[in-house]
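Report on one structure; see the data block that follows.
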Amino acid sequence: MNSNQSFIPYGRQSVDEDDIAAVVETLRSDWLTTGPKISEFERSVADCAGVRHGVAVNSGTAALHAAMFAMDVGPGDEVIAPVMTFAATANCVLYRGATPVLVDVHPDTLLIDPAAVEAAITPKTKAIVGVDYAGQPCDWDRLRAIADRRGLMLAADGCHALGAEYKQKKVGSLADLTCFSFHPVKHITTGEGGMTVTNYSDFADRMRRFRSHGIDVDPRQRAERGTWFYEMVDLGFNYRITDFQCALGLRQLTKLPRWLERRRGIAARYDEAFASVDMIQPLKKSADIRHAYHLYVVKIDFERLGKSRKELFSDLRARGIGVNVHYIPIHMHPYYRDNLNYKGGEFPAAEKAYEQILSLPMYPAMSDSQVDAVIANLQEILCGIGA
Ligand SMILES: *Cc1c(COP(=O)(O)O)cnc(C)c1O
């Protein structure tokens, strides 16, 4: 069915004429980088996340690296992170010469398991990083209680969760530092880009230096003060984002509420369709959150289906449905296996879930008929229902 429909990817950006105009206008301005659009974008994202400071950088990965630097994570330190996430969540700990200590996730939500966090704490533990997987916030109250009781810092990889809420609090205001990504599949895009938000001005200052070689005054301030003098006080990087990217981000952010609503509408349509199909189990959603639906993840009973995930994956792709898998648990990657001595079997919930999960197409420009096409194709393959 629908053999001539165009390919439906699992995620994609929406870029309108006003986005393009904003980028072009900034290209004609005096500042292509380190200019006024950057602080304007930082202000807007921080407001949207309910926090005081935002530090924009050129990727979500750089935002995570900056957060680790801000917390002074270094050699000899351990940072606890969930195993079901994109590798960058743990890589940023390795960048600092510290050790990521991976823990298992809850099988129903694939969110970090607070009991596993508690069990993984050692005298070397410095911080916990929660990942709001798929766009659903972790159990931040429990993570906060653990961090406070054990004197640890709490960071969030919020790359899936811009606009999500936990007990009426916005993602961004729940951890000490929260990192966002503006890659094209995320909620808003700057091409590549990221930001770490925080209520702590000392963290924000450290991250501003970190993104620009560890230098203590930014070039615009220097130009305004008419001085050549600067000092490098930390070992930083060039993680700067450009003004034309931030101009794009600012336009994109105005559409975030509408896009979140659309993502939630698509999820509701999937939920309703799959409620009666017991071979398809969407991940569980807790009652006290507002989901941001970066991903719509289902678990499929492949044993009952009598087909492998690989077969279903290529069947759907052949029908123009761009499903994906998020994620291969971090410890299963050769780099982690070889360098951190994982053998497999350490994280039964994540490993079992990995065999069952599939991410279905989810992006704001997806039409109802495209959502219905995904549902119909899945039902047809799984249950032999339909044309
Ligand atoms: C996208 C993503 C990142 C990395 O962001 P980039 O902008 O691609 O560097 C990190 N963690 C998670 C969970 C992500 O989804």
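Phe244 meets all of the listed conditions (1) farther than 24 Å from Met362 by Cα; (2) part of a loop (DSSP other than H, G, I, E, B); (3) touching a residue at least 24 places away in the same chain (Cβ under 8 Å) but one, namely (2). Take the residues of the range 41-66 that are outside any helix (DSSP H, G or I) and of a type in the set (A, V, I, L, M): which is nearest to the ligand (Cβ to nearest atom)? That would be Val57.
Residues that are of a type in the set (D, E, K, R) and within 16 Å of the ligand (Cβ to nearest atom): does the range 295-315 have at least one?
Checking the range 295-315: not a single residue is of a type in the set (D, E, K, R) and within 16 Å of the ligand (Cβ to nearest atom).
For the range 155-174, the count of residues that are assigned to a helix (DSSP H, G or I), within 16 Å of the ligand (Cβ to nearest atom) and in contact with a helix residue (DSSP H, G or I) (Cβ under 7 Å, 6 or more places away or on another chain) is zero. On the stretch given as the range 83-105, residues that are surrounded by fewer than 23 Cβ atoms within 10 Å (Cβ to Cβ), touching a residue at least 12 places away in the same chain (Cβ under 8 Å) and not in a strand (DSSP E or B) total 8.
Considering the conditions (1) surrounded by fewer than 18 Cβ atoms within 10 Å (Cβ to Cβ); (2) within 16 Å of the ligand (Cβ to nearest atom); (3) among the aromatic types (Phe, Trp, Tyr), Phe210 is excluded by exactly one of them, (1).
Restricting to the range 80-91, and then to whatever is of a type in the set (A, V, I, L, M, F, W, C) and closer than 20 Å to His106 by Cβ, can you tell me which residue is farthest from the ligand (Cβ to nearest atom)?
Of everything passing the filter in the range 80-91, Ile80 is farthest from the ligand (Cβ to nearest atom).
Of the set (1) part of a strand (DSSP E or B); (2) crowded, with 24+ Cβ neighbours inside 10 Å; (3) out of contact with any helix residue (DSSP H, G or I) (no Cβ under 6 Å at 6 or more places or on another chain), all apply to Ile80 but (3). Among the residues that make up the range 240-257, is at least one of them of a type in the set (Ser, Thr, Tyr), within 27 Å of Arg142 (Cβ to Cβ), within 16 Å of the ligand (Cβ to nearest atom) and outside the structural domain of Val371 (by TED's automatic domain parsing)? No; the residues of the range 240-257 include none that is of a type in the set (Ser, Thr, Tyr), within 27 Å of Arg142 (Cβ to Cβ), within 16 Å of the ligand (Cβ to nearest atom) and outside the structural domain of Val371 (by TED's automatic domain parsing). If you go through the range 106-116 and keep only what is more than 16 Å from His331 (Cβ to Cβ), buried (at least 20 other Cβ atoms within 10 Å of the Cβ) and away from the ligand (no atom under 16 Å from the Cβ), you end up with His106, Pro114. Is at least one residue of the range 324-344 farther than 26 Å from Cys92 by Cβ and either away from the ligand (no atom under 16 Å from the Cβ) or not basic (Lys, Arg) (or both)? No, the range 324-344 has no match at all. Among the residues of the range 186-202, are any more than 16 Å from the ligand (Cβ to nearest atom), at pLDDT below 95 and either under 23 Å from Asp30 (Cα atoms) or in a loop (DSSP other than H, G, I, E, B) (or both)? No - not one qualifying residue is present in the range 186-202.
Quick check, is Ala127 buried (at least 24 other Cβ atoms within 10 Å of the Cβ) and within 26 Å of Ala267 (Cα to Cα)? Answer is no for this residue.
Filtered by the rule that a residue be more than 16 Å from Thr178 (Cβ to Cβ), in contact (Cβ under 8 Å) with a residue 40 or more places away in the chain and in a loop (DSSP other than H, G, I, E, B), the range 120-151 gives Ile121, Thr122, Lys124. Report yes if Phe69 is outside the structural domain of His294 (by TED's automatic domain parsing) and within 12 Å of the ligand (Cβ to nearest atom), otherwise no. In short, no.
The values are calculated or read from the model by the stated rules, or taken from the named source; none is laboratory data. Everything numeric in this text was worked out from a predicted model, so none of it was measured. Glycine gets a Cβ as well: all are built from the backbone with ideal geometry, and neighbour counts include every protein chain shown.
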